[in-house]
Structure formats: C-alpha cells, structure tokens
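Okay, so here's the structure we're looking at.
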Amino acid sequence: MGQELNPPNPSPDTASLVKRLAGPSTTKAGLAKDQSEINRIIAEASKGSKFYDNEKRKDKELTERINKILKQRDDARQGVDISQIEKSTDHTLDQLESHRDLSQVIVHVDMDAFYANVELLHNPELKGKPFGVGAGVLSTASYDARKYGVRSGMPGFIAKKLCPELILVNINFTRYQEMSDKVMDIFRRYDPNMLAAGCDEGYLNITAYCEEHNLDPQACVQEMRAFVHKETNLTVSAGIAPNKNKPNGQFYLPFDRESIKSFMQDLPIRRIPGVGRVNERLLDAIGIKTCGDIYTHRATLSLMDKQFGLQFLLRIHLGIASNVVEPGKREERKIASAKVHFRTFSTLSDRQQILNKLEEVAAELEDDTERNGWTGKTVTLKYKLNTYQVYTRAKSFDRWISTKKDDLLAVCHHLWQYHLLLLVFLIFIIYRSARNFCQAILCQLG
DNA sequence: GCGGATCAC
DNA sequence: TATGGTGATCCGC
Ligand SMILES: Nc1ccn([C@H]2C[C@H](O)[C@@H](COP(=O)(O)OP(=O)(O)OP(=O)(O)O)O2)c(=O)n1
Ligand SMILES: [Mg+2]
C-alpha cells in the first residue's frame, strides 16, 4: 500500500527510449562530455510528436525481443555442461589464434567532418563557428557544433535547441564527390587496391609501399596525411593496425598479440562495425558491454550462436579481422535518382489524391528509365505512414518490366494496400539478375 | 522471392 | 512547425 502513495511520474521515459531518441551516432569524435543532459533535451523536444510515438513503439518491441532472448538463454543453459561448452569455444579461439596474421600493415583513413570541412573551403567565414550541413536533418556537424551535442542524423530544429547560434548550411553533393575523388586518388598512390568505404574513408594495405620506399608505417601514413592536407586543405585521421578493425581517431596499434588483446579488452562493443544500437542492447542484456566481456559469456554465445553469431564475436574478442584489401565490386551501379517534392496542407487521406501522386511518381520513373534505357524485373513500392511506420511491397516478373507510366502505375496500384495518411512514396525498379540496381523516385507528400 | 530489421556513412 | 538519402545485408518465412 505504501508504495501506491508514491506513484512514479506519469509515463517516464525509460533509459532505453531516451538513448534511442538521441540517435545512432552518439559515439562520434568531438562530442560533449555530458550526454545525459543533452539526451534529456532531445527527448523533451521530441515528446508528443508522431515520430516520438513510433520510437517508443520500436523501443517496446525491442524490449520484448530482449525478454524473449533472455528466456531462451535460461532454457538453453538448463541441463547442459557449461564447462564443456567453454572448453569447446576455447578450442575455436585457439584455432583462430593460430591463424593470426600480423604481417600486413592495414591503415584505415577517414576524413574529418568531411562535408563540413569541404563547406569550410567554400566559406571560410564559418571557421571556428558551430555549423551543421543539411536541411531538415543534418548530414554532419562541425567540431565546434559537436561540443554542444550536435551530430549526424539530428533534425535541425533540435540541433538549434542545443546550440542556438548554430549555422545551417545547404548540402552540395557534387562538391563532396569532387573532393572525394581527389582524396581517393591520393590514397591510391599508397595502395592501388584500396577499398573505398563510403565517400570519405578507405582501407589500405600499405605493406608493399612501405617496403618499396623503405618507410615505417607511421612515417608512411604521416606522409600520406600531409599530402592530403597539402593538396586539398582537408584533414584526415588514420588508424594503423594489423587488420581492418578501425581504432578510433588517429592511432597506432602495436603489432603484437598482447597489445591487440589489451586494446580490445575494454573497447565498448558498440565501436565494432556491425554492432549498432540494437545489437548493443541485446548484448548488454546478456552482460556484454566490452569486447573483453565476450570471453566471459562465451558459453551463452555458443548456445545462442543463431541469435548473436559466435564466430563474429570470437574474432572480435581476439581482434582478428580480414587483412585482405580489395577494391569493391566492379559492377557498374549507376544510380540516377530523381526526386519530386510535393507539399500539401496535410497528409493525403483521399484515395484518388494518393493515386494521382502515385501516377506522378510513375511518370517520373518512366521518364528517367526511358532516358537512361534501364529496366529491371522487380518493382518495389515503399511508403511511409504519418505514424512513421514504413511498408514495402514488391513484385517480381520473369520478363523485363515495361516502364511505361501506366504499366508501373497498374503494378504499384496493386501493391499499395490502400493505406491512407501517407507521408512518403517511393518506387524502385530493381534489376536483380546481375545483383545490380536500380532507379529510385521519391515523392514527398504532406 | 518477400518483408521487416539492422547497419553504415 | 519540425526527424534524411542511399545502399547493403541478413533472417525467417
Ligand atoms: N548519418 C550520416 C553519417 C554521415 N553522413 C555523411 C556526412 C559525413 O561528412 C560523411 C562522412 O561520415 P563520417 O561518419 O566519416 O563523419 P564525418 O566525416 O562528418 O566526421 P568524423 O570526423 O567523425 O569522421 O558522410 C551522412 O550523410 N549521414
Ligand atoms: Mg569522416
């Protein structure tokens, strides 16, 4: 009874929801030290919106999923010989360890605040000021803005709350692509097989270059970074290690087993590429926060290989990753995306109006595909409701799709399940046989 | 093949 | 007032 006299706040945000609302890129360099106050402001600003409700729904679903996994874990551990399982995973670890290859010098290079620093070249007055790139949602933020908690993926109006003097700069993709080409060319001098990962980073194997030029890795990377700065006025960070697992920022990881193990020991699991917000929570639920914790819970992970991926995590624990660097798949994948924005006074709730919009998108798609002579065998219709719930509906054909407007419209009309209150429509035509893409049209409603 | 979920940048 | 674009992969069905 006594407890009921002190009811909790009405629907307080759970820690997990507050964290979810903060967005995916909360581990970026240059962010403020105290994120809890920042996260509170973000949650406050989000409250009451449809977006917030949707995040809350997803958070609840994830909590249920976690509870299910915990139950599975408890069931799986019943009546099995844990020490036997641990022995078996130890054997796997020994196997992995025996194949550890420290012979290759891998460097990961990543441009600093890429879009922001390119904008700085065009507008030097921004120097030293907090600014973000992008309208609506920020693609990135200058380091001066990050101090306030402003970061990638954050909507502009919330960023302004965190930093009222924040300047918003429009996005100019062609500029970034130009600079990207320049930078990549420099990287390729050091490894012609470089793997470009996105437009601002790359993985290089500089073993051969160091040998030929009689350079040690540190000197080699310093030289490369100096070249980038000289030729582009942009700065770049690098991590040098025996494989492609990127350390944060600029870093040299000594090439011996002990150094690597101690580096991994306290590294938060979230820093590993492939472990995002969701997997971070799942792993946290079974007691894993750092790469070192993987070993402690190896029996559970072994029993729940399906859910967590034992091999993936064991390799992470040891700090063993691929040290083969190859350029990405060569397949041409031209994307000419056309975009149409419509603004109406409210979301569309009338079938005929929606069909009219769909027809506009189909017409745009016909136009683009005709112009470029492309087609495919799958049509995908994707739409977002004003609740932020997303649906995709697809249909594949044995023959090439007619990209005539009316044919596309007929297919999409069929795929659209008469949901109302739409925010966004997208149509894709996918060319799958060569695992190739595509064409996308976006139609913004409401 | 389909649809949802997750992740990276 | 208001929460992105693009591309990829994986899993369960
Ligand atoms: N959610 C995101 C993340 C990134 N980007 C774009 C803008 C970035 O400038 C570029 C490179 O991404 P990075 O993750 O490397 O971020 P930055 O280069 O901006 O900053 P950092 O100095 O942390 O590398 O990709 C984006 O559009 N949306
Ligand atoms: Mg970068």
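Conditions (1) within 16 Å of ligand 1 (Cβ to nearest atom); (2) of a type in the set (A, V, I, L, M), marked per residue:
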position	(1), (2)
A:SER98	no, no
A:VAL109	yes, yes
A:ALA113	yes, yes
A:PRO124	no, no
A:PHE131	yes, no
A:GLY134	yes, no
Check: Under 7 Å by Cβ, and 6 or more places apart or on different chains, what pairs join a residue from segment A:54-80 that is among the acidic types (Asp, Glu) with one that is assigned to a helix (DSSP H, G or I)?
Finding: A:GLU55/A:LEU17; A:GLU55/A:ARG20; A:GLU55/A:LEU21; A:ASP59/A:SER16; A:ASP59/A:LEU17; A:ASP59/A:ARG20
Notebook entry, point to check: Do we find that A:LYS147 is over 18 Å from A:SER180 (Cα atoms), modelled with pLDDT of 95 or more and of a type in the set (Lys, Arg) in this structure?
Noted result: no
Check: Inside segment A:81-101, can you point out the residues that are without any contact (Cβ under 8 Å) to a residue 60 or more places away in the chain and in contact with a Ser or Thr (Cβ under 9 Å, 6 or more places away or on another chain)?
Finding: none
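One line per residue, one yes/no per condition, for (1) modelled with pLDDT of 95 or more; (2) not small (Gly, Ala, Ser):
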site: A:ASN248; (1), (2): no, yes
site: A:ARG277; (1), (2): yes, yes
site: A:THR296; (1), (2): yes, yes
site: A:ILE320; (1), (2): no, yes
site: A:VAL325; (1), (2): no, yes
site: A:ARG330; (1), (2): no, yes
site: A:ALA336; (1), (2): no, no
Next item on the list: Could you grab me the full set of residues in segment A:396-428 that are within 11 Å of A:VAL379 (Cα to Cα) and in a strand (DSSP E or B)?
Entry: A:SER396, A:LEU426, A:ILE427, A:PHE428
Next item on the list: Specify which of the listed residues (A:ALA116, A:ALA159, A:ALA145) is of a type in the set (A, V, I, L, M), touching a Cys at 6+ places or on another chain (Cβ under 8 Å) and either in a helix (DSSP H, G or I) or under 30 Å from A:CYS210 (Cβ atoms) (or both).
Entry: A:ALA145
Next item on the list: Could you check how many residues of segment A:200-212 are charged (D, E, K, R) and either surrounded by fewer than 20 Cβ atoms within 10 Å (Cβ to Cβ) or more than 16 Å from DNA strand C (Cβ to nearest atom) (or both)?
Entry: 2
Notebook entry, point to check: Mind checking which pairs have a first residue in segment A:276-296 that is assigned to a helix (DSSP H, G or I) and a second that is within 16 Å of ligand 2 (Cβ to nearest atom), Cβ under 6 Å, 6 or more apart or different chains?
Noted result: A:ARG277/A:PRO24
Notebook entry, point to check: Which residue, of A:PHE263, A:PHE157, A:PHE187, A:PHE173, is at negative phi and buried (at least 21 other Cβ atoms within 10 Å of the Cβ)?
Noted result: A:PHE187
Notebook entry, point to check: Within segment A:16-52, can you find the residues that are more than 22 Å from the chain's Cα centre (by Cα) and either surrounded by 14 or more Cβ atoms within 10 Å (Cβ to Cβ) or not acidic (Asp, Glu) (or both)?
Noted result: A:LYS33, A:SER36, A:ARG40, A:ILE41, A:GLU44, A:ALA45, A:LYS47, A:GLY48, A:SER49, A:LYS50
Notebook entry, point to check: Does A:ALA238 count as assigned to a helix (DSSP H, G or I), surrounded by 18 or more Cβ atoms within 10 Å (Cβ to Cβ), hydrophobic (A, V, I, L, M, F, W, C) and in contact (Cβ under 8 Å) with a residue 40 or more places away in the chain?
Noted result: no
Next item on the list: Among what's in segment A:152-205 and is of a type in the set (Val, Ile, Thr) and touching a residue at least 24 places away in the same chain (Cβ under 8 Å), pick the residue that is farthest from A:SER46 (Cα to Cα).
Entry: A:ILE186
Item checked: Matching residues, segment A:1-57, being more than 26 Å from A:ALA145 (Cβ to Cβ), acidic (Asp, Glu) and modelled with pLDDT of 85 or more -> A:ASP53
Next item on the list: Filter segment A:205-224 for residues that are among the charged types (D, E, K, R) and more than 20 Å from A:PRO254 (Cβ to Cβ) and give the result.
Entry: A:GLU212, A:GLU223
Notebook entry, point to check: Residue check: is A:ALA197 at pLDDT 90 or above, surrounded by fewer than 19 Cβ atoms within 10 Å (Cβ to Cβ) and farther than 23 Å from A:LEU318 by Cα?
Noted result: no
Margin query: Here's a check for you: in segment A:189-233, which residue that is in a helix (DSSP H, G or I), within 29 Å of the chain's Cα centre (by Cα) and among the aromatic types (Phe, Trp, Tyr) is nearest to A:ASN243 (Cα to Cα)?
Written below: A:TYR190
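The values are calculated or read from the model by the stated rules, or taken from the named source; none is laboratory data. The shown structure was predicted, so the numbers you read here are calculated from the model rather than taken from an experiment. So basically every Cβ, Gly included, is an ideal-geometry build from the backbone, and we count neighbours across all protein chains shown.
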